[in-house]
Amino acid sequence: IGYSGGASALPSAGAYTAQIQHYNTEIASNIGHPLSIPITVVIDATQTLKDALAYAHPVDSSGGTTGVPAKCFIHIEPTLYDERSTADANLTFAHEVFHCYEAMDFPTLSAFSRGPPWLIEGEAEWVGATLVPSPDRLWTNYLTNLKTSLFSRAYDAIGFFSLMTETGDDTWHLLDPMLRAGNSAAAY
């Protein structure tokens, strides 16, 4: 999915919505349960997050970010609709959809926002890379920063989840319990 128009001509959410729904179905099939909140795709006219292709924004029933998740918005940033790499866009879609699933594993969105980055971003990156195998620079970070503790990592914790899979763990079915564990040590 590519777009090369100016800020005055935004792409339609339709094609993105179809891709988001595709990854929602893929994740549900692998993790063993559907997402219990709706996803809405938002096309952003201006770049909200520096260098981000997209971002997930779960909200509670009043549209706030503190209560129980009720809906998840996935914002498509201009860097994504100007992106030429379908693999990068698709990995991003899977990653962001998984954030919607993660929000459901916390009692509130406040608790989700305080979740350990190695779990929140590491799991989402592993899901994206598992569903859309493609070169991922985060592997380099994981492999070249061996002295960095797992609990100090974020996106580059992808390596930990990949090692779980390589050693025979059923990683897909461990993602929810790890998020619900309450802290990093219990999740590990």
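Things worth noting here:
- Carbon and sulfur %, accessible surface of the chain computed with the full protein complex present, 1.4 Å: 56 percent
- Less than 5 angstrom separates the built amide H of Ile43 from those of Ile76, all sequence-distant by 5 or more or on a different chain.
- Å² per residue, accessible surface of region 1-99 at 1.4 Å: 46 Å²
- Separation of region 93-123 and region 158-188, taken as the distance between their Cα centroids, equals 13 angstrom.
- Enclosed volume per residue, in Å³, of the convex hull spanned by Cα atoms of region 50-128: 88 Å³
- Estimated [θ] at 222 nm from DSSP helical runs (n ≥ 4, -39500 (n - 2.57)) normalised by residues in the chain, nearest 500: -14500 deg cm²/dmol
- Packing-based order for 36-49, 157-170, using average beta carbon neighbours within 10 Å, highest first: 157-170, 36-49
- Segments 171-178, 62-69, 101-108, 119-126 sorted - mean Cβ within 10 Å per residue, highest first: 119-126, 101-108, 171-178, 62-69
- Across the chain, Cα-Cα pairs more than 30 Å apart make up 17 percent of the total.
The values are calculated or read from the model by the stated rules, or taken from the named source; none is laboratory data. Predicted model, so just to flag it, every value in this text is computed and none were measured. With ideal geometry, Cβ positions are generated from the backbone for all residues, glycine too; neighbour counts draw on all protein chains shown. With ligands, DNA and RNA removed, areas are computed over all heavy atoms of the protein, side chains included. Shrake-Rupley method; radii C 1.70, N 1.55, O 1.52, S 1.80 Å.
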